[in-house]
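Peer 1: Sharing a structure, written as structure tokens. Questions coming.
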Amino acid sequence: MMPVTLIDKKVAKQGYAFIHYGAAEECAECRLSKACVENLEAGRRYRVVAVREQSHECAVCGEAVVVEVEEAEVEAGIEKRKALIGATLAFSPVACDRVLCDNYIYCVPEGLKAGDRVVVSQTGGKLQCERGLALVKVALQRVTR
């Protein structure tokens with residue numbers, strides 16, 4: 001069964017992806033908090049797979065709509081030798097402090113944590129690493145079972 005949560009009506013569309021950052025202060029007093037923010041894990045990327053008709057007033061976003069979500073793939077940069085479609089590996093972000101590099105968002109992607117078991121679901125092109133590392137852009141799906 002897919003997790004259910006509430007999101008802003010303006011973005012409640014099938015395919016919309018977001019990072020869940022945890023509950024806002026206002027959520028502590030909300031009667032729907034358990035069904036809304038406690039169904040999701042903070043720091044993970046989710047994608048809306050179905051939009052339901054129910055909506056509720058929300059102290060954070062105004063009108064919130066009930067949606068079904070699944071954990072989404074995360075684009076990342078990994079070593080070329082590990083970039084094999086179907087390969088299962090322990091995710092390890094690239095040790096890099098060059099936050100202004102165009103590839104930093106792939107080397108240290110939001111939605112994954114070091115040690116997560118992931119499957120390489122897609123491979124893309126080579127990333128031009130300022131440090132000379134042989135990196136490839138991939139889509140990774142976290143394995144939760």
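The values are calculated or read from the model by the stated rules, or taken from the named source; none is laboratory data. Nothing here was measured: the structure is a model prediction, and the numbers come from that model. We place every Cβ from the backbone using ideal geometry, glycine too, and count neighbours over all the protein chains shown.
Peer 1: Please go through the range 90-139 and give me each residue that is farther than 13 Å from Val74 by Cα, of a type in the set (Val, Ile, Thr) and outside any strand (DSSP E or B), ordered by number.
Peer 2: Across the range 90-139, the qualifying residues are Val94, Val99.
Peer 1: Ok, one more. So, of the residues in the range 110-135 that are of a type in the set (S, T, N, Q) and at pLDDT 95 or above, which turns out to be farthest from Ile19 (Cα to Cα)?
Peer 2: Step one: filter the range 110-135 for residues of a type in the set (S, T, N, Q), giving 121-123, 128.
Subsequent filtering for residues that are at pLDDT 95 or above retains 121-123.
Working: Ser121: 19, Gln122: 20, Thr123: 22 Å.
Across the range 110-135, the extreme among qualifying residues is Thr123.
Peer 1: Here's a follow-up. Hey, can you tell me all the residues within the range 57-78 that are modelled with pLDDT of 95 or more and either under 30 Å from Lys126 (Cα atoms) or outside any strand (DSSP E or B) (or both)?
Peer 2: Listed by number, the residues that qualify are Glu70, Glu71, Ala72, Glu73, Val74, Glu75, Ala76, Gly77, Ile78.
Peer 1: Continuing with the same structure: Can you tell me which residues in the range 105-145 are of a type in the set (Ser, Thr, Tyr) and crowded, with 17+ Cβ neighbours inside 10 Å?
Peer 2: Taking the range 105-145 first, the residues of a type in the set (Ser, Thr, Tyr) are 106, 121, 123, 144.
Scanning the range 105-145 gives a single hit, Tyr106.
Peer 1: In the range 1-49, what residues are within 19 Å of Gln141 (Cβ to Cβ) and in a strand (DSSP E or B)?
Peer 2: Across the range 1-49, the qualifying residues are Ala17, Phe18, Ile19, His20, Arg44, Arg45, Tyr46, Arg47, Val48, Val49.
Peer 1: Sticking with this one: Take the residues of the range 7-46 that are more than 21 Å from Val108 (Cβ to Cβ) and basic (Lys, Arg): which is surrounded by the fewest Cβ atoms within 10 Å (Cβ to Cβ)?
Peer 2: Step by step, filter the range 7-46, then rank; the result is Arg31.
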